[in-house]
Amino acid sequence: MTGSMRRGHAATAWVFIAVTILSAGCGRAGPDVQMIRGVLTLDGAPVEGVAVVFTPEDQGLMAAGKTDADGAFVLNASLGARFGEGTTVGDYVVTVSKLTPYKIDRVTGEPTKILLPEPKQLMPRVYTTISDSPLRASVSKGLNEFRFELSSRPVR
């Protein structure tokens, strides 16, 4: 396995861990968090089921959410923050990930019932790792709204 593949798998593991933690929920007490919502598109079209993760550049709380059919997402902070209310003020690296655990039928484009040994990443790799992602977000006090317009052929 190459180093870039290992980094991709490590990023995928972090996304899974973040989403799992967030799914469990948190109590009402915690740090002062700000509401974060946004929209994600790929080549101008919304993408459903994408994990959007904000990772602090310096200080802050990791936060994650998942896009709906319109590409809209709301972030939930992890590790002690109030569930469903965003994350703390600060600067963040944004990564996105969408995995498929199924083999895609080449004729119909539909998932088959055959599980792959490793999930396939459906988002362009550059956006999936903290070290490579060009996506950034600066969270300030109050409601924060972001629009990430991704390209399937990103320019580095």
Might you check whether a residue that is part of a strand (DSSP E or B), buried (at least 22 other Cβ atoms within 10 Å of the Cβ) and among the hydroxyl-bearing types (Ser, Thr, Tyr) occurs anywhere in the range 76-87?
yes
Could you identify the single residue in 88, 20, 41 that is of a type in the set (Ser, Thr, Tyr), out of contact with any helix residue (DSSP H, G or I) (no Cβ under 8 Å at 6 or more places or on another chain) and at pLDDT 95 or above?
41
Residues of the range 30-47 being within 21 Å of residue 69 (Cα to Cα) and outside any strand (DSSP E or B), in sequence order, are 35, 43, 44, 47
Considering each residue of the range 141-156, count those that are loosely packed, with under 10 Cβ neighbours inside 10 Å and in a loop (DSSP other than H, G, I, E, B), and give that number.
6
Residues that are surrounded by fewer than 16 Cβ atoms within 10 Å (Cβ to Cβ) and over 16 Å from residue 75 (Cα atoms), drawn from the range 32-61:
43, 44, 45, 46, 57, 58, 59
Of the numbered conditions (1) modelled with pLDDT under 95; (2) in contact with a Gly (Cβ under 6 Å, 6 or more places away or on another chain); (3) of a type outside the set (Phe, Trp, Tyr), residue 117 satisfies every one except a single condition; which is it?
(2)
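The values are calculated or read from the model by the stated rules, or taken from the named source; none is laboratory data. Just so it is clear, the structure is predicted and the values come from calculations on it, not from any experiment. Note that we place each Cβ from the backbone using ideal geometry, even for glycine, and neighbour counts take in every protein chain shown.
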